[in-house]
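Engineer: Please find one structure pasted underneath; my questions will follow.
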Amino acid sequence: MSVAELLDGKRVCVCAGSGGVGKTTTSAAIALGMAARGAKVAVVTIDPARRLANALGLAELQNDPRRVEPERLAATGLDVGGELWAMMLDPKRTFDELIERIAPDASRAEEIKANRVYRELSTAVSGSQEFTAIAKLYDLNREGEFDLLVLDTPPSRNALDFLDAPGRLTSFLEGRALKAFMRPTGLGMRVLGRGASPVLAGLRRVTGIDLLDDLSTFFQLLGDMTDDFTRRAAQVETMLHASTTAFLLVSSAQRDSIDEAIWFRRTLEQSGLPFAGVVVNRVHHDMLGDRDPEDVAAALGSELGTELAALVAQNFDDYHVLARRDERNIDRFATELDGRPLLLVPHFDDDVHDIEGLAQVHRYLFASQAERARMIAAVVA
Amino acid sequence: MSKLLDRRLIFVTGKGGVGKSTVAIALGLLAARRGRRTIVAELASQDRAQRTFEHDGEPFREVGLAPDLFTISIDPQHAMEEYLRIKTGAVGHLLAASRLFHSFAMATPGMREMLSIGKVWELAQLERETRGASPYDLVIVDSPATGHGVGVLRTPRTFADIAVIGPVGRQARRIATTIADRQFTSVIAVTTAEEMAVNETLTLREVLDREQLALDAVIANARYPERFDDRLCAKLDDALRRTESPLVRAALKAALSEHARAAAQREQLQRLSEGLEIEPTELPYLFAEQLGPAEVGMLADALEAGLA
């Protein structure tokens, strides 16, 4: 199974996983590979490594996809029949643009943008990246300019945040119950004034009245716009659940990362979200097999002298331990996945930070099972 | 570092995947060995310390791992219910049961962080508010990844600004003062010697500066051993050209790979120490099948030596 087969007929590919597992690289390599196969693809990244951003021509911050110049891609030797576009998400700007779009007029938009609660909301790291990433994905998908959108999800420690955070923010913005309470004419503010309801009295006691006032102003400004948030949220849900959407989990081969991927996969399926497969990055492949490291030292001895041979053998044995560890973790995941695709990308000698590096990752992702095995064997031998 | 461990509250932050939790546990073990009653409070992960020590206790409770070493996973929801019970008595129970209040509290931007850090603050008090709880000499916070981690540190001040009056505002101001107190609190960044992690550490430094918080130490985790210098590598290259044996070739390639990785790390570490005025403390890459108490012990040894 290769990524090309996994994404056949898909319009949206969401790459999810915990922090530090190579999501950005994987997303970019997938986009590159699909572009090479003739599609017009946009990759939406959050915070790529500077060198990778430079490699894609994303030097300056921008909030719309730009085409990666074909000359840059030519350097990979790949025959790119389609188009690769890339963008770096600016959460604050995306949020502002969203408000501008759904506000009834420009002055209301300005008032909202100046509101204290809104400023907190749109810049709080926790939640706003996730919310705006999905919002951007939704808009790009609706505009229909691209055959495929690849989303690199925000760098959270916990992959589940990505699913939870937008919903939390949406429910705050929708805030039906809260909104009703917070309106100056609503039940809540009237009751609050008199301090009659114990819940509201308690709320005031815990939070302080000024916070409630701020919230009240905020919801007053939002007014009927909250209905737009609700509508959009429903449409976003439809997009994420569509059969043309694919969630790809990205993981490293380490235990904690695999545990989280297993958990995330179950949650995806419980939520009815279309899970397509798993990419495991930085896999140490076994080179020692069942041979004894001492035999390695002996075989090396005549070439290198005993001392250096022992060092080389020790190094070899250390990596054998990692390879065994990775293999065991991956086996465990494979059992859990019950035949669903699991694509392995080896641990390279250097961080992937340029177009050539992406092309290298892409070769593993887009190879057939047999080709991949051959490539790994070639590295080992 | 020994001075560092004399503080009462240490926030350990860094990019996702660099080993923050492991380093937080190792620091905790080191402090505990010195007889400081220490708790590792997890904000972003759940029961990782317990799993490392192959312990299977209740979540969201203080659990003992080793002599003088404890852990707790902090959950905002749980922390809120506890806070309400302590602070507001009967009304608290009512609030805790109110759906309106839950949707309000959990959806208010920053409230989750505020509740979590409120619990951290409570753990660090000599007079604990939790009934029957003993005080700790040191609380080590396994914070969320860098961006969110700074968010957590900033939250009390934000709340103090928004909620000018009222108990939340008061509590937030108290916590903000504690965090800003360098005798009491310190912030440690964990990184690996990789481009993205180094970038995040350098950014963290700038962001902390803006918040008028200090970065007290940087720990460069998972450093490959430098087994082969350039001279030895030339010999390995030579040997690789001559030999036909697949086994020998594989071993030589593995050695050259490690040399390349170690060299790339060295470059990144160089960039890190130039960008900071702090010399990072290095922790070795552990070639272990999994991280258990023995491996954490090794890291604690390395921290002790590196931070001396």
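The values are calculated or read from the model by the stated rules, or taken from the named source; none is laboratory data. Bear in mind the structure is a predicted one, so any value in this text is a computation, not a measurement. FYI the Cβ positions are ideal-geometry reconstructions off the backbone, even for glycines, and counts take in every protein chain you see.
Engineer: I'm told A:Glu336 meets every condition in (1) within 13 Å of chain B (Cβ to nearest Cβ); (2) touching a residue at least 40 places away in the same chain (Cβ under 8 Å) except one. Can you identify the failing condition by its number?
Structural biologist: (1) is the only condition that A:Glu336 fails.
Engineer: Looking at (1) of a type outside the set (Val, Ile, Thr); (2) closer than 22 Å to B:Leu276 by Cα; (3) in contact with a strand residue (DSSP E or B) (Cβ under 8 Å, 6 or more places away or on another chain), which one does B:Phe184 not meet, given that it meets all the others?
Structural biologist: All conditions are met except number (2).
Engineer: Looking for something buried (at least 19 other Cβ atoms within 10 Å of the Cβ) and within 14 Å of chain B (Cβ to nearest Cβ) - is there at least one such residue anywhere in the range A:56-77?
Structural biologist: Filtering the range A:56-77 for residues buried (at least 19 other Cβ atoms within 10 Å of the Cβ) gives A:56, A:58, A:65, A:68, A:73, A:76.
Among the residues that remain, those that are also within 14 Å of chain B (Cβ to nearest Cβ) are: none.
No, the range A:56-77 contains no residue that is buried (at least 19 other Cβ atoms within 10 Å of the Cβ) and within 14 Å of chain B (Cβ to nearest Cβ).
Engineer: A follow-up question, please. Can you name every residue in the range A:191-244 that is at pLDDT below 85 and outside any helix (DSSP H, G or I)?
Structural biologist: A:Gly195, A:Ala196, A:Ser197, A:Gly208, A:Gly223, A:Asp224
Engineer: Go through the range B:222-308 and tell me which helices (runs of 4 or more DSSP H), entirely inside it, have 3 or more residues that are within 13 Å of chain A (Cβ to nearest Cβ) and without any contact (Cβ under 8 Å) to a residue 40 or more places away in the chain.
Structural biologist: Values: elements: B:230-242, B:246-275, B:293-307.
In the range B:222-308, B:230-242, B:246-275 are the helices (runs of 4 or more DSSP H) which contain 3 or more residues that are within 13 Å of chain A (Cβ to nearest Cβ) and without any contact (Cβ under 8 Å) to a residue 40 or more places away in the chain.
Engineer: Right, next: Scan the helices (runs of 4 or more DSSP H) fully inside the range A:1-90 and keep the ones with 2 or more residues being farther than 30 Å from A:Asp259 by Cβ and touching a residue at least 24 places away in the same chain (Cβ under 8 Å).
Structural biologist: Of the helices (runs of 4 or more DSSP H) lying wholly inside the range A:1-90, those with at least 2 residues that are farther than 30 Å from A:Asp259 by Cβ and touching a residue at least 24 places away in the same chain (Cβ under 8 Å) span A:23-36, A:50-55, A:70-74.
Engineer: Name the residue that is surrounded by the most Cβ atoms within 10 Å (Cβ to Cβ), counting only residues in the range B:1-22 that are under 16 Å from B:Val150 (Cα atoms), more than 9 Å from chain A (Cβ to nearest Cβ) and not polar (S, T, N, Q).
Structural biologist: Among those residues, the one meeting the criterion is B:Gly14.
Engineer: So how many residues does the range A:343-361 have that are more than 15 Å from A:Val283 (Cα to Cα), away from chain B (no Cβ under 14 Å) and in contact with a helix residue (DSSP H, G or I) (Cβ under 8 Å, 6 or more places away or on another chain)?
Structural biologist: Selection size over the range A:343-361: 3.
Engineer: Moving on to the next point. Does A:Gly127 fit the bill of being within 13 Å of another protein chain (Cβ to nearest Cβ), touching a Leu at 6+ places or on another chain (Cβ under 7 Å) and either within 25 Å of A:His353 (Cα to Cα) or part of a helix (DSSP H, G or I) (or both)?
Structural biologist: On the way: within 13 Å of another protein chain (Cβ to nearest Cβ): yes; touching a Leu at 6+ places or on another chain (Cβ under 7 Å): yes; either within 25 Å of A:His353 (Cα to Cα) or part of a helix (DSSP H, G or I) (or both): yes.
Judged against the criteria, A:Gly127 is a match.
Engineer: Examine the range A:12-23 for a residue that is more than 30 Å from B:Ser143 (Cβ to Cβ) and at pLDDT 90 or above, and state whether such a residue exists. Outline the logic, then answer.
Structural biologist: Kept after step one, since they are more than 30 Å from B:Ser143 (Cβ to Cβ), are these residues of the range A:12-23: A:12-13.
Then drop every residue that is not at pLDDT 90 or above, which leaves A:12-13.
Yes, there is a match, as at least one residue in the range A:12-23 is more than 30 Å from B:Ser143 (Cβ to Cβ) and at pLDDT 90 or above.
Engineer: From A:Asp79, A:Asp90, which residue is within 18 Å of A:Leu137 (Cβ to Cβ) and either within 22 Å of the chain's Cα centre (by Cα) or modelled with pLDDT under 90 (or both)?
Structural biologist: Numbers: A:Asp79 fails: within 18 Å of A:Leu137 (Cβ to Cβ).
Going through A:Asp79, A:Asp90 in turn, just one is within 18 Å of A:Leu137 (Cβ to Cβ) and either within 22 Å of the chain's Cα centre (by Cα) or modelled with pLDDT under 90 (or both): A:Asp90.
Residue by residue, here is whether (1) touching a strand residue (DSSP E or B) at 6+ places or on another chain (Cβ under 6 Å); (2) not in a helix (DSSP H, G or I) holds:
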| position | (1), (2) |
| --- | --- |
| B:Gly169 | no, no |
| B:Arg174 | no, no |
| B:Ile179 | yes, no |
| B:Val190 | yes, yes |
| B:Met196 | no, no |
| B:Asn199 | no, no |
| B:Ile219 | yes, yes |
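Engineer: Mind listing whichever residues of the range A:91-107 are touching a helix residue (DSSP H, G or I) at 6+ places or on another chain (Cβ under 7 Å) and either in a helix (DSSP H, G or I) or without any contact (Cβ under 8 Å) to a residue 24 or more places away in the chain (or both)? Lay out the reasoning, then the answer.
Structural biologist: So the first thing to find is which residues in the range A:91-107 are touching a helix residue (DSSP H, G or I) at 6+ places or on another chain (Cβ under 7 Å), and the list is A:91-92, A:94-96, A:98-100, A:102-103.
Within the range A:91-107, A:Pro91, A:Lys92, A:Thr94, A:Phe95, A:Asp96, A:Leu98, A:Ile99, A:Glu100, A:Ile102 meet the criteria.
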